[in-house]
Amino acid sequence: MNNLIVQKYGGTSVANAERIMNVARRVSKSAVAGNQMVVVVSAQGHTTDKLLEKARGISADANRRELDMLLVTGEQQSAALLAMALQSLGHSAISLNAAQVGIEATSVHYNAQIKNIKTERLHAELEKGNIIVVAGFQGINRFGDMTTLGRGASDTTAVALAAVLKAGLCEIYTDVDGIYTADPRIVSNAKKIDVISYDVMLELASSGAGVLHNRAVEMAKRYSVNLVLRSSLNEKPGTHIKEDSGVEQLSVSGLAIDRNVARVSVTGLPDKPGVAHSIFHPLAAEKLLVDIILLSVGDGDKRDYCFTVHKQDLKTACEILEANKSKIGYESLNTDENLAKLTIVGAGMANNSGVASSMFEALYECGVNIETISTSEIKITVLIDERHITKAAKAVHDKFEPMMSVDFEETEES
Ligand code: ADP
Ligand code: ASP
Ligand code: MG
């Protein structure tokens with residue numbers, strides 16, 4: 001196995017000087033054991049949120065290029081501080097930002113995607129015996145400008161580096177002991193999962209389980225990255241994310257909550273070919289992400305459409321639809337921001353007919369009304385009133401808890 005390890009430390013893990021020294025000692029231990037080390041860091045604590053707040057203090061609608069210029073400073077601070085901490089322990093270490101590494105990304109600001117990572121500088125620094133500390137969450141676009149890769153995307157920086165460097169291991173260090181059957185801060189009796197497949201993790205991450213960035217999981221799957229998520233504050237083994245976890249037979253592996261949803265309803269549309277295209281084409285042209293789409297039978301020969309978007313995109317979605325009103329031909333446009341999404345995920349769900357009805361039963365038993373349902377082969381999502389999300393998550397988790405584990409021992413070769 002390649003002795004190059006990529007480690008990533010999240011915001012809480014580098015929140016203050018003491019935590020940074022703790023990270024430096026962990027990195028040092030792996031380096032002393034004979035591994036080449038590339039370490040990715042997030043901004044300290046709530047730095048990214050605070051920088052966003054500062055920007056809002058200047059302008060409610062800040063220019064996205066400038067927003068990115070501001071946000072990338074958070075990760076750069078952590079990277080420099082960790083390099084200093086490693087040096088104080090006697091290591092040769094260097095911090096690099098995305099421009100210095102050559103992390104090339106798409107031009108979209110605030111939600112760019114990594115296209116390519118140059119490895120020359122990385123190899124050169126490793127050859128010199130340096131521990132490399134990379135600022136996560138950032139890239140440079142084809143104009144040479146800094147971009148950011150979406151909230152939580154330092155995970156993606158780490159996995160992408162592990163993929164291009166063909167690292168033997170990519171460890172994501174965070175403030176929980178691993179991936180749980182639900183967010184342990186919301187569902188206190190959630191259970192830690194020892195091994196999870198890329199596919200199930202991808203669905204959980206895409207459905208709102210913020211513990212891992214969804215594009216990190218996608219990339220780990222594509223490049224078969226040996227990925228582990230664990231705590232930076234203890235020595236517990238964490239969760240291994242890999243191709244086939246052996247728990248594929250589980251009907252429900254876990255649940256995810258997403259509060260960042262808003263629903264748009266477009267009503268009174270004609271029932272004829274091309275209507276859906278007229279709604280969603282202009283939204284797609286503006287690169288707006290649309291999630292659940294429902295078409296329902298309205299009054300007489302009229303049809304109603306509703307779909308969900310991220311809350312921060314709601315205003316833009318409405319502006320686009322209003323600008324295209326006459327072309328689309330709808331009667332009214334309504335929005336709802338007080339919703340949350342609850343999703344259960346399980347690869348064995350497709351072969352088990354009772355899963356959906358058990359989920360609905362749990363929601364019925366705790367008196368929660370379902371606004372919208374959407375299903376796929378391995379997940380079931382409901383939209384509910386945001387105020388009930390904790391109660392609903394607990395009830396649904398309790399319902400499936402007995403089914404959410406198997407006797408599975410991770411074998412040596414796995
Ligand atoms: P970091 O700053 O280290 O990237 P994040 O806050 O992004 O940390 O992710 C860790 C958090 O993810 C945990 O504190 C936990 O509240 C949340 N979380 C959500 N879903 C899960 C889950 N299924 N398992 C574990 N943690 C989860
Ligand atoms: N600091 C960035 C964020 O808060 C990236 C990250 O932490 O992964 O979203
Ligand atoms: Mg994170």
Quarter of the Cα convex hull surface for region 151-210, i.e. its orientation-mean projected area (nm²) | 4.7 nm²
Considering only the other residues whose Cβ falls under 10 Å of the Cβ of residue 225, what net charge follows from Lys and Arg at +1 and Asp and Glu at -1?
-> +4
1/(1 + (r/R0)^6) with r = Cβ-Cβ of residue 66 and residue 352, R0 = 56 Å, i.e. FRET efficiency to nearest 0.05, evaluates to 0.65
Starting from one equal scatterer on each C-alpha and no solvent at all, send me the Debye-based log10 I(q)/I(0) for region 1-113 at q = 0.13, 0.16, 0.18 Å⁻¹, two decimals.
-> -0.56, -0.80, -0.95
Residues of the chain: accessible area per residue at 1.4 Å, in Å²?
-> 46 Å²
Two-decimal Rg to Rh for region 216-257 - Kirkwood Rh, Cα set = 1.01
Residue farthest toward the positive end of the dipole of region 101-219, with Cβ of Lys/Arg at +1 and Asp/Glu at -1: which of 124, 167, 184?
-> 124
When only C-alpha pairs under 8 Å and at least 6 residues apart count, what is the relative contact order of the chain, in percent?
-> 13 percent
Compute the signed sum of charges (Lys and Arg +1, Asp and Glu -1) over the other residues within less than 9 Å, Cβ to Cβ, of residue 114.
-> +1
Based on the Cβ-Cβ distance from residue 375 to residue 118, what FRET efficiency comes out when R0 is 51 Å, to the nearest 0.05?
-> 0.75
Arrange the peptides 43-50, 314-321 so that the one whose residues have, on average, the most other Cβ atoms within 10 Å appears first.
-> 43-50, 314-321
Accessible carbon and sulfur surface of the chain relative to its total accessible area, %, 1.4 Å | 48 percent
Centre separation in Å (Cα based) which lies between region 277-346 and region 217-242 = 36 Å
May I ask you to order 303-312, 203-212 by the average number of other C-beta atoms within 10 Å around their residues, highest value first?
-> 203-212, 303-312
Toy charge model, Lys and Arg Cβ at +1, Asp and Glu Cβ at -1: region 1-75 dipole around Cα centroid in debye, rounded to 20, equals 280 debye
Within region 27-169, how many Lys pairs sit with Cα atoms under 25 Å apart, leaving out pairs fewer than 8 places apart on the same chain?
-> 6
Only Lys, Arg, Asp and Glu count, each charged at its Cβ (+1, +1, -1, -1), so figure out the dipole size of region 156-236 about its Cα centre, rounded to 20 debye.
-> 120 debye
Given H placed 1.01 Å from N in the peptide plane, which residues other than close sequence neighbours of residue 15 have an amide H under 5 Å from its amide H?
-> 45
Rounded to two decimals, what is Rg over Rh for region 252-352 when you use alpha-carbon atoms and the Kirkwood radius?
-> 1.04
Using the C-alpha atoms of the chain, what convex hull volume per residue, in cubic angstrom, is computed?
-> 153 Å³
Say each of residue 327 and residue 127 gets a label point 7 Å from the Cα, pointing the same way as Cα to Cβ; how far apart are those two points in nm?
-> 5.3 nm
Among the Cα-Cα pairs of region 303-387, the proportion with separation greater than 15 Å, in percent, is 66 percent
Placing each pseudo-label 7 Å from Cα in the direction of the beta carbon, residue 398 and residue 281 end up separated by a distance in nanometres of 5.0 nm
Give the Rg (one decimal place) followed by the Dmax (whole number) of region 99-147, computed from C-alpha coordinates and expressed in Å.
-> 11.6, 35
Peptides 253-262, 62-71 ordered by average Cβ neighbours within 10 Å, highest first = 253-262, 62-71
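The values are calculated or read from the model by the stated rules, or taken from the named source; none is laboratory data. The structure displayed is predicted, hence computed values, not measured ones. Glycine also receives a Cβ, built like all others from the backbone with ideal geometry; neighbour counts cover every protein chain displayed. All accessible areas refer to the heavy atoms of the entire protein, side chains included, with ligands and DNA or RNA removed. Shrake-Rupley method; radii C 1.70, N 1.55, O 1.52, S 1.80 Å.
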